[in-house]
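> Quick one: this structure, given as structure tokens, is what I'll be asking you about.
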Amino acid sequence: MEEKTISILKVNLLGLLFFLVSAPLILYLYSLLHELNITTILDETNDIVYFILLFVLSIIFHEFIHAAVFALFAQNKWRSIKIGVLWKHMTPYAHCSEPLRKSQYTLALVSPGVILGLIPVCFAFVNGHTLILIYGLIMLFAAIGDFIILTMLYSIPKDKKILDHNNKVGFWVE
């Protein structure tokens, strides 16, 4: 088996770079369609505590989405899934102990970013909900590691099986 991994530090640095480049661009494009200023955001935020609670619950839900898609394709279903936190890096994770087809692994990888990030951003662009835009951007940023792993998958032939790495950011190719 061939190991394909990336350090958590590199993921975080690439994620920060992505966020610093893409967030202002997305906010600018949004501002062409809808009013965008700090008072708009503050008016929509009645209590920041609720927003923080939503963020924490969304991170948990993010990992649950990974786990649910993994379980959908794994032969042993939920018995092959582990959800936890790498406390040393303050990084939550969902892990599947069975190899999956590349397409199945890809779907498990991108589902949280699409569901919690991309869809809310698109919804905000259509409906002008600034707080939903901010939420979607944060959730896209939270999924950056998943999208980086997705780029690592591009060079892998589609007939190969992918085994999620059990203690690093990445995977094994069977």
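The values are calculated or read from the model by the stated rules, or taken from the named source; none is laboratory data. On a predicted model such as this, the values are computed, not experimentally measured, just so you know. We place every Cβ from the backbone using ideal geometry, glycine too, and count neighbours over all the protein chains shown.
> Checking LYS168 against (1) over 20 Å from ALA68 (Cβ atoms); (2) among the charged types (D, E, K, R); (3) crowded, with 20+ Cβ neighbours inside 10 Å, which single condition isn't satisfied?
The single condition LYS168 does not satisfy is (3).
> Answer yes or no as to whether HIS95 is closer than 26 Å to LEU9 by Cβ and not basic (Lys, Arg).
Working: closer than 26 Å to LEU9 by Cβ: yes; not basic (Lys, Arg): yes.
Yes, satisfied.
> Between a first residue in the range 108-135 that is free of Cβ contacts under 8 Å to residues at least 24 places away in the same chain and a second residue that is among the hydroxyl-bearing types (Ser, Thr, Tyr), which pairs have beta carbons less than 9 Å apart while being 6 or more apart in sequence or on different chains?
Correct list of pairs: PRO120/TYR135.
> Any idea which of (1) under 14 Å from LEU137 (Cα atoms); (2) at pLDDT below 95 is the one SER58 doesn't satisfy?
(2)
> Just to be sure I understand, how many residues within the range 119-160 are closer than 30 Å to GLU2 by Cβ and either part of a helix (DSSP H, G or I) or more than 13 Å from the chain's Cα centre (by Cα) (or both)? Steps first, answer last, please.
Within the range 119-160, the subset closer than 30 Å to GLU2 by Cβ is 140-160.
Then drop every residue that is not either part of a helix (DSSP H, G or I) or more than 13 Å from the chain's Cα centre (by Cα) (or both), which leaves 140-142, 144-160.
Residues in the range 119-160 being closer than 30 Å to GLU2 by Cβ and either part of a helix (DSSP H, G or I) or more than 13 Å from the chain's Cα centre (by Cα) (or both): 20 in total.
> Considering every residue within the range 101-111, establish whether at least one is at pLDDT below 90, among the charged types (D, E, K, R) and not in a helix (DSSP H, G or I). Give the steps one after another, and end with the answer.
Within the range 101-111, the subset at pLDDT below 90 is none.
Within the range 101-111 (the criterion being at pLDDT below 90, among the charged types (D, E, K, R) and not in a helix (DSSP H, G or I)), the answer is no, since none of the residues qualifies.
> When the residues of the range 70-99 are narrowed to those that are surrounded by 15 or more Cβ atoms within 10 Å (Cβ to Cβ) and aromatic (Phe, Trp, Tyr), which ends up nearest to VAL169 (Cα to Cα)?
The qualifying residue nearest to VAL169 (Cα to Cα) is TYR93.
> Would you mention how many residues in the range 76-97 are in a helix (DSSP H, G or I) and either touching a Ser or Thr at 6+ places or on another chain (Cβ under 8 Å) or modelled with pLDDT under 95 (or both)?
Taking the range 76-97 and keeping what is in a helix (DSSP H, G or I), we get 77-80.
Then drop every residue that is not either touching a Ser or Thr at 6+ places or on another chain (Cβ under 8 Å) or modelled with pLDDT under 95 (or both), which leaves 80.
Total meeting the criteria: 1.
> Since ALA67 meets every condition but one in (1) surrounded by fewer than 17 Cβ atoms within 10 Å (Cβ to Cβ); (2) part of a helix (DSSP H, G or I); (3) touching a strand residue (DSSP E or B) at 6+ places or on another chain (Cβ under 6 Å), which condition does it not meet?
Unmet condition: (1).
> If a residue must be charged (D, E, K, R) and either modelled with pLDDT of 85 or more or surrounded by 13 or more Cβ atoms within 10 Å (Cβ to Cβ) (or both), how many such residues does the range 1-47 contain?
Applying the first criterion (charged (D, E, K, R)) to the range 1-47 yields 2-4, 10, 35, 43-44, 47.
From what is left, the residues that are either modelled with pLDDT of 85 or more or surrounded by 13 or more Cβ atoms within 10 Å (Cβ to Cβ) (or both) are 2-4, 10, 44.
The total comes to 5.
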